[in-house]
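See below for the structure under consideration.
The values are calculated or read from the model by the stated rules, or taken from the named source; none is laboratory data. Just so it is clear, the model here is predicted, and its values are computed rather than measured. Cβ sites come from the backbone with ideal geometry, for glycine too, and all protein chains shown count toward neighbours. Accessible surface areas use protein heavy atoms only, side chains included; no ligands, DNA or RNA. Shrake-Rupley method; radii C 1.70, N 1.55, O 1.52, S 1.80 Å.
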4 protein chains.
Amino acid sequence: MRLLLFIATFTALALVSFAPMQQKQRIVFFGDSITQQGAQPNGYIMVLGDMLKQKGLQDKYELMGAGIGVNKVYDLYLRMDDDVLAKNPTTVVIWVGVNDVWHKRTSGTGTDAPKFEQFYNAIIKKLQAKNIKVIICTPATIGEKTDYTNELDGDLNRYAGIIRNIAQKNNCELIDLRKDFLTYEQANNTENKEKGILTVDGVHLNEKGNQFVAGEMMKALVK
Amino acid sequence: MRLLLFIATFTALALVSFAPMQQKQRIVFFGDSITQQGAQPNGYIMVLGDMLKQKGLQDKYELMGAGIGVNKVYDLYLRMDDDVLAKNPTTVVIWVGVNDVWHKRTSGTGTDAPKFEQFYNAIIKKLQAKNIKVIICTPATIGEKTDYTNELDGDLNRYAGIIRNIAQKNNCELIDLRKDFLTYEQANNTENKEKGILTVDGVHLNEKGNQFVAGEMMKALVK
Amino acid sequence: MRLLLFIATFTALALVSFAPMQQKQRIVFFGDSITQQGAQPNGYIMVLGDMLKQKGLQDKYELMGAGIGVNKVYDLYLRMDDDVLAKNPTTVVIWVGVNDVWHKRTSGTGTDAPKFEQFYNAIIKKLQAKNIKVIICTPATIGEKTDYTNELDGDLNRYAGIIRNIAQKNNCELIDLRKDFLTYEQANNTENKEKGILTVDGVHLNEKGNQFVAGEMMKALVK
Amino acid sequence: MRLLLFIATFTALALVSFAPMQQKQRIVFFGDSITQQGAQPNGYIMVLGDMLKQKGLQDKYELMGAGIGVNKVYDLYLRMDDDVLAKNPTTVVIWVGVNDVWHKRTSGTGTDAPKFEQFYNAIIKKLQAKNIKVIICTPATIGEKTDYTNELDGDLNRYAGIIRNIAQKNNCELIDLRKDFLTYEQANNTENKEKGILTVDGVHLNEKGNQFVAGEMMKALVK
């Protein structure tokens, strides 16, 4: 009887004291229009939520979208206090870069490579200073052709390379979507199509694309 | 006797109460390559220092340059903690905008008008929150022709207009260098030259230009 | 009697043989989308046709549109044999330049100023070599604001200046639409609107714009 | 004896009657700054001349450079009468495309892909109409990195693809320098350098590059 009481007490105490370990992970997905759409029905963040539910992990993760269209890396820096830190996240997944490259061509307002790196580092530093785990992604694609003839392939590869270096230098986990997409496209886009495989327009994810990205995110988040 | 006491008391009180007015003004000039050069010998900040000395005001003002080449408005935002706030200024003179327009053409990495405004406002807000006086300048010139045929005249006028609005909305003092330059050029550049009047290359100040800008700054700082 | 008959006969013959002097003027309007729309109902070429009819001059002029959207000066050069010379015109009115400036910003494919001049001269030379009268126009507007804050005002003014020089050097008649528009806008666009005065979108003519251009063309064609 | 005489006679006759087949080939190299440099000492056209001499073929070929810096495809079209047809060539080797891509980034004045094709076809058509043999080349490189991270790799690959299609449609011989360079670079640029392998600056040929190009040209010209 005494023993039982002891065990019950111990268990109760254990539950209380171990509670922090079972603390809900608060994950903010921080990015551009791709992530903005990711928080909409069937978007990659929603699909990821379903995947967690199927594994019975829904109580352990809280997923929050913080994507805004037309955003480049310095836009993220400008709004990170309001849109990320204010949400008090345990983890931030950053996915940015497409507009930094694309807008050079479409409006003359892309981001210089050295400044891209500078702002990206500043964001990470500020998050890590608050003990927030930072996971970063390479930009997936602007055009789905597999023979390196998408107009901006060279520059996008360059910026993906910069992000890989940033991950290594800042000790961040990397989700290499550019590499993942290329592997998938080489296997599945045998007709060298410009869009329609994982995207609707070469950039924004279609249903298959949202599932694919959610799957890649899952691997990084749940281990 | 009573009178003397009264005077002494009044003087002491006056010294105390007027003390803040005699406090040294610490002025940071925050900008791009034009301001970086402004802190070099014969640069506009140095000329301004000489002007203050000639008026016997050298002890009342401390001038500090914080210009870095190739900077756009978001670069200022990124480095304002280290390069401006750390200097504990009483006044900040911001002069930026040329590269935000120019880089659209030269490298595809200019700044979109709405984001230019957004970052500019964010800088001012952060400075004013610390009770720092903010004075802002319109970009002077990219090409000195007076007949509106400088390639980027239209866009530069547009951004100058944005800055005038920003000044009004944020209750900042404005040094309208774009307007000042135009007035000067119309009187003195009768041959419609592209450069050589106030600049060496259409953008960066020559000796006359540094004196001219120092003069305009003087009007705003010492009243 | 014989003499009279002779005179009458001679006169009749003369009328017939001099007919070529009363020959119909065949005018080709050679340009971009603005001219392409000009040949559609209510377009400036159609309005010009109505104006000629009102003056009873419809039999003396044949107006033909040769405008194609997205055209720049070198596109005109490439297609001038098929689209202009094949029509055997007596007069060609060239109106081009907006895309040469505009596409620099929108797609990185505008036309360098020296090449703009080079191709323009080559077109004129080829037309004049066939004794075709050449009338050239300055580009009217990209944005209708009157305070020189339309983004591309500077560059468009520059290209308008190039065309004025070309007219002078090649002894071509000039229809200075850029100047005409500015005069009209300063009188009628008192609210500094970006569009809606003479254009629907800052570039393409609205009803008023088509009438205005037709009026300016009329002055140049019928004297 | 009679036989020998017969043979001698036959040979003499043969030499005379076959003479037209031994007519000197007049080859014009038509292109941009790379070809302009190719006609200078140690340039690829000069190296090619030496290679022909070493094979004792110097009397059968006359090589003429017609490269001008900053040229794009439409510049070639504009000057082909004066610079190519006036030289009465039997063969024209066209090598153009780098500036059509590059100038999009550096000055906003590159060439749209459909117009690139349009002008290229027009040049070939005009040459073939005069029974001139046309050999065309893909643009070699803008940056020598082998991992597809040169900024303009995607667009340059796209334009190379367009040229390959043009060759096929117009029944032109193709010298696929883009492919040849890539093969060479993958074997010899193991450190993924940006320049210095076959070029001095990522675009213009160094000594090794001139020899390499001359070798590839040789294969196409002498069979």
If we keep just the residues of segment C:120-155 that are within 14 Å of chain B (Cβ to nearest Cβ) and not in a loop (DSSP other than H, G, I, E, B), which is surrounded by the fewest Cβ atoms within 10 Å (Cβ to Cβ)? C:154
Return the total of residues in segment D:42-91 being among the aliphatic types (A, V, I, L, M) and touching an Asp or Glu at 6+ places or on another chain (Cβ under 8 Å). 4
Of the residues in segment C:104-119, those that are part of a loop (DSSP other than H, G, I, E, B) and small (Gly, Ala, Ser) come to C:107, C:108, C:110
Would you point out which residue out of D:158, D:164, D:105 is surrounded by fewer than 23 Cβ atoms within 10 Å (Cβ to Cβ), modelled with pLDDT under 95 and of a type outside the set (Val, Ile, Thr)? D:105
Counted residues in segment B:171-196 being buried (at least 21 other Cβ atoms within 10 Å of the Cβ) and part of a loop (DSSP other than H, G, I, E, B) come to 0
Does residue B:168 satisfy being more than 14 Å from chain C (Cβ to nearest Cβ) and closer than 18 Å to residue B:71 by Cα? no
Among the residues of segment B:58-78, what is the count of those that are more than 14 Å from chain A (Cβ to nearest Cβ) and either of a type in the set (Lys, Arg) or in a strand (DSSP E or B) (or both)? 8
For segment B:79-101, which residues satisfy the criterion of being in a helix (DSSP H, G or I) and either away from chain A (no Cβ under 14 Å) or surrounded by 20 or more Cβ atoms within 10 Å (Cβ to Cβ) (or both)? B:80, B:85, B:86, B:87, B:98, B:99, B:100, B:101
What are the pairs with Cβ atoms under 6 angstrom where one residue, in segment D:106-119, is more than 7 Å from every other protein chain (Cβ to nearest Cβ) and the other, located anywhere, is open to solvent by 10 Å² or more (accessible area, probe 1.4 Å)? Sequence gap at least six, or different chains. D:117/D:162
With the first residue restricted to segment C:60-84 and required to be within 20 Å of residue C:163 (Cβ to Cβ) and modelled with pLDDT of 95 or more, and the second required to be assigned to a strand (DSSP E or B) and among the polar types (S, T, N, Q), Cβ contacts under 6 Å at 6 or more apart or on different chains are none
